[in-house]
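*Asks:* Sharing a structure here in structure tokens format.
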Amino acid sequence: MRKLLFLVAMLLSVAVSAVTYDVVPLPQSVDMQKGAPFILDGSVQILSPVELQQEADFLQQYMEDMVGIKPSISQKREKKLRYIELSVSPKVSASEGYVLTINNKGIAIQGGSAAGVFYGIQTLRKSIDGLQPLPAVVITDAPRFSWRGMHLDCSRHFFSVSFIKKFIDLLALHNMNVFHWHITDDQGWRIEIEKWPRLIEVGANRTGTIIGTNSDLDDNKPYGGYYTKAEAREIVAYAAARHITVVPEIDMPGHMLAALASYPELGCTGGPYQVGHYWGVYKDVLCVSNERVYQFVEDVLTEVMDIFPSEVIHIGGDETPTEKWEQCPKCQVLQKSLPTPQQKSEEFSPLTSKLSPLQAYFTKRVFDFLTAHHRRALGWDEILDGSPQDAMIMSWRGMEPGSKAAETGHDVIMAPTTHCYFDYQQVEDTQFEPSRCGGFIPIEKVYALDPAPDSLSVEARKHILGTQANLWSEYLTTESMVEYHALPRMSALAEVQWTQPEKKKFEDFIQRLSGFTQLLDRYHYSYCKHLWPERQIPNRWQF
Ligand code: ACM
Ligand code: ZN
């Protein structure tokens with residue numbers, strides 16, 4: 001009789017169970033199984049080998065967050081206990097893949113590596129809906145791309161270490177594995193470099209900021225901030241625990257005004273220079289004929305490589321005007337001594353001219369320095385002309401530069417302005433938008449991106465390592481605005497990065513996204529609610 005009652009209770013719980021494994025990003029395969037569900041209660045424990053202690057700790061924390069149960073973690077199985085068992089298994093061939101098996105006896109997460117286990121834990125965490133029973137299932141999953149990134153500009157506006165950690169948590173929630181950290185630019189140098197102390201004494205501070213979109217109004221308010229080396233290391237470790245690599249960007253030879261203000265001898269004219277107040281492209285750039293500039297670059301990169309274990313180091317290379325080089329006698333002498341580089345690509349944008357031989361010379365020296373230190377240089381697509389084959393290219397002026405780079409054998413990350421600039425607006429009617437950056441990239445557009453379309457050759461597609469979105473912070477003045485612009489478009493991007501294209505369906509994604517936002521609420525993220533008008537502020541006053 002007791003058995004029968006138990007069976008009825010089980011069947012009833014299945015009938016009312018709302019757990020459907022409708023998570024974001026969508027796994028490659030979700031196979032519902034016959035049989036009784038897993039009952040989530042205080043008796044469940046985590047079984048994990050020592051090597052997966054970190055993953056077990058995350059699972060324990062997530063369970064406490066989601067259902068208030070803090071399962072104990074053990075390394076030895078005891079009969080009669082019910083476990084969530086973590087393991088790395090040779091049966092899972094993709095290193096970031098996992099198999100999540102749930103039945104009434106227990107839950108098993110087998111990963112191709114610790115990272116795979118971590119992603120399996122993310123899927124479990126997102127599936128849990130209170131103490132509802134978890135129906136029997138086998139989820140088999142692995143990511144489409146190996147580079148699943150988000151960028152954040154911390155130069156134009158500075159964001160606290162605690163916020164950077166909250167942002168990294170958001171990457172983890174979306175199975176992303178690269179945090180592209182833009183830490184130097186015209187408007188502020190944000191990373192401590194011991195050999196060149198004025199970078200933070202001078203370069204980390206500006207005396208004012210333009211109001212609005214490059215208006216003639218300046219707020220004249222001192223603004224600054226930087227990350228100590230210890231803080232940067234703390235962020236690297238925080239990300240690494242979540243299987244995220246921090247890729248630092250030192251943008252050069254343009255976007256260097258903060259460095260020039262700190263050390264005017266690094267520019268063609270010798271200054272004086274002032275840390276930038278307004279947005280856009282400044283004409284003052286590093287003097288590429290000055291050997292002291294190479295000393296500077298190598299010292300900076302040496303300390304950067306010491307802080308950041310990432311194999312890939314981003315060296316910028318975008319938007320570098322040549323005007324100062326053309327007026328600089330030393331740069332002109334150097335230019336005359338250089339071969340005209342073979343042009344490998346067309347001019348992609350009126351924004352920039354074809355790569356100057358001087359920039360190609362500079363880039364090659366930086367590239368060789370990094371290569372000699374067993375790192376890989378990554379640059380914005382401008383560096384494609386005349387750059388060494390091994391240089392990785394980040395395609396931002398549309399997909400075309402990246403496609404050409406991939407066809408000519410470069411590894412490529414797609415981050416086109418057409419789909420991946422999350423500082424752009426996400427709603428068309430901007431009346432209630434907190435920032436007015438301009439541009440319009442709705443979530444549908446992000447979702448529609450295919451970074452490696454069939455139009456590319458099979459060989460070129462292998463060179464597309466993945467994709468990321470960029471969050472430039474000219475108009476993102478607060479941390480909650482960063483979140484608002486990232487969300488929920490990051491979820492669409494996550495699915496572009498993770499899910500095979502034939503499985504993607506926008507309407508289905510939007511359904512799953514609605515449930516996913518409960519996690520955003522739980523962890524107190526701001527996000528754009530235009531998809532759910534009922535959640536927006538009621539009775540907005542119309543102008
Ligand atoms: C860029 O947006 N200038 C890379
Ligand atoms: Zn010069």
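*Asks:* Looking only at region 240-261, how many residues end up being small (G, A, S) and surrounded by 23 or more Cβ atoms within 10 Å (Cβ to Cβ)?
*Replies:* 4
*Asks:* Just need a number here: residues in region 126-161 that are among the small types (G, A, S) and closer than 19 Å to N177 by Cβ.
*Replies:* Summing the residues that are among the small types (G, A, S) and closer than 19 Å to N177 by Cβ in region 126-161 gives 3.
*Asks:* Among the candidates R397, R436, R375, single out the residue that is more than 21 Å from V496 (Cα to Cα), at pLDDT 95 or above, touching a helix residue (DSSP H, G or I) at 6+ places or on another chain (Cβ under 9 Å) and not small (G, A, S).
*Replies:* Result: R375 is the single residue among R397, R436, R375 that is more than 21 Å from V496 (Cα to Cα), at pLDDT 95 or above, touching a helix residue (DSSP H, G or I) at 6+ places or on another chain (Cβ under 9 Å) and not small (G, A, S).
*Asks:* So Q53 fits all but one of (1) touching a strand residue (DSSP E or B) at 6+ places or on another chain (Cβ under 8 Å); (2) assigned to a loop (DSSP other than H, G, I, E, B); what number is the exception?
*Replies:* Status for Q53: all satisfied but (2).
*Asks:* Answer with yes or no whether G316 is within 16 Å of ligand 1 (Cβ to nearest atom) and in a loop (DSSP other than H, G, I, E, B).
*Replies:* Criteria met by G316.
*Asks:* Would you point out the residue of region 214-230, among those that are of a type in the set (D, E, K, R) and outside any loop (DSSP other than H, G, I, E, B), that is nearest to F163 (Cα to Cα)?
*Replies:* K229
*Asks:* While we're on this one: Just to check your reading of the model, which residue among S345, S356, S349 is within 16 Å of ligand 2 (Cβ to nearest atom), surrounded by 13 or more Cβ atoms within 10 Å (Cβ to Cβ) and modelled with pLDDT under 95?
*Replies:* Answer to the check: S356.
Table: residues versus (1) part of a strand (DSSP E or B); (2) closer than 26 Å to L519 by Cβ.
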{"site": "R77", "(1), (2)": "no, no"}
{"site": "Y83", "(1), (2)": "yes, yes"}
{"site": "K91", "(1), (2)": "no, no"}
{"site": "E96", "(1), (2)": "no, yes"}
{"site": "V99", "(1), (2)": "yes, yes"}
{"site": "I102", "(1), (2)": "yes, yes"}
{"site": "I107", "(1), (2)": "yes, yes"}
{"site": "Q110", "(1), (2)": "yes, yes"}
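*Asks:* Only one residue in V247, V288 is in contact (Cβ under 8 Å) with a residue 24 or more places away in the chain, within 30 Å of G97 (Cα to Cα) and not hydroxyl-bearing (S, T, Y), so which one is that?
*Replies:* It is V247.
*Asks:* Filter region 250-282 down to the residues that are touching a residue at least 12 places away in the same chain (Cβ under 8 Å) and within 12 Å of ligand 2 (Cβ to nearest atom), then identify the one that is farthest from G149 (Cα to Cα).
*Replies:* The qualifying residue farthest from G149 (Cα to Cα) is T269.
*Asks:* Another question, then. What tally of residues in region 232-287 results from selecting those that are within 16 Å of ligand 1 (Cβ to nearest atom), under 30 Å from A172 (Cα atoms) and aliphatic (A, V, I, L, M)?
*Replies:* The number of residues fulfilling the criteria is 3.
*Asks:* A follow-up question, please. Can you pull out every residue in region 199-238 that is closer than 30 Å to Q295 by Cα and of a type in the set (A, V, I, L, M, F, W, C)?
*Replies:* L199, I200, V202, A204, A230, A232, I235, V236, A237
*Asks:* Being under 17 Å from the mean Cα position of the chain (by Cα) and surrounded by fewer than 22 Cβ atoms within 10 Å (Cβ to Cβ) is the filter here; which residues of region 123-152 pass it?
*Replies:* R144, F145, S146
*Asks:* Are there any pairs with C-beta distances below 8 angstrom linking a residue in region 321-340 that is under 15 Å from A360 (Cβ atoms) to a residue that is of a type in the set (S, T, Y) and part of a helix (DSSP H, G or I), with the two at least 6 apart or on different chains, and if so which?
*Replies:* Correct list of pairs: L334/Y361; L338/Y361.
*Asks:* Ok, one more. What are the residues in region 405-438 that are over 20 Å from G149 (Cβ atoms) and among the small types (G, A, S), if any?
*Replies:* G409, S435, G438
*Asks:* Restrict the check to region 469-480 and report whether at least one residue is of a type in the set (A, V, I, L, M, F, W, C), assigned to a helix (DSSP H, G or I) and more than 14 Å from A415 (Cα to Cα). Even if it seems obvious, please write down each step before you answer.
*Replies:* Just the residues of region 469-480 that are of a type in the set (A, V, I, L, M, F, W, C), to begin with: 469, 471-472, 476.
Within this subset, residues satisfying the condition of being assigned to a helix (DSSP H, G or I) are none.
Within region 469-480, not a single residue is of a type in the set (A, V, I, L, M, F, W, C), assigned to a helix (DSSP H, G or I) and more than 14 Å from A415 (Cα to Cα).
*Asks:* Looking at region 435-446, can you tell me whether even one residue there is part of a strand (DSSP E or B) and either farther than 15 Å from H180 by Cβ or within 16 Å of ligand 2 (Cβ to nearest atom) (or both)?
*Replies:* yes
*Asks:* Please find, within region 371-383, the residue that is farthest from ligand 1 (Cβ to nearest atom) out of those that are crowded, with 23+ Cβ neighbours inside 10 Å and aliphatic (A, V, I, L, M).
*Replies:* Restricting to residues being crowded, with 23+ Cβ neighbours inside 10 Å and aliphatic (A, V, I, L, M), the top hit is A377.
*Asks:* Restricted to region 319-338, and to residues that are closer than 22 Å to I250 by Cα and outside any helix (DSSP H, G or I), which residue is nearest to ligand 2 (Cβ to nearest atom)?
*Replies:* So the residue we want is T322.
*Asks:* Every residue in region 240-296 that is in a loop (DSSP other than H, G, I, E, B), over 26 Å from the mean Cα position of the chain (by Cα) and small (G, A, S), please.
*Replies:* Once the filter is applied, which keeps residues that are in a loop (DSSP other than H, G, I, E, B), over 26 Å from the mean Cα position of the chain (by Cα) and small (G, A, S), region 240-296 yields G270, G271, S289.
*Asks:* I would also like to ask the following. Which residues, taken from region 188-204, are more than 26 Å from the chain's Cα centre (by Cα) and touching a residue at least 12 places away in the same chain (Cβ under 8 Å)?
*Replies:* Of the residues in region 188-204, the ones more than 26 Å from the chain's Cα centre (by Cα) are 194-198, 201-202.
Answer for region 188-204, where residues must be more than 26 Å from the chain's Cα centre (by Cα) and touching a residue at least 12 places away in the same chain (Cβ under 8 Å): E194, K195, W196, R198, E201, V202.
The values are calculated or read from the model by the stated rules, or taken from the named source; none is laboratory data. The structure displayed is predicted, hence computed values, not measured ones. Virtual Cβ from ideal backbone geometry, glycine too; neighbours counted across all protein chains shown.
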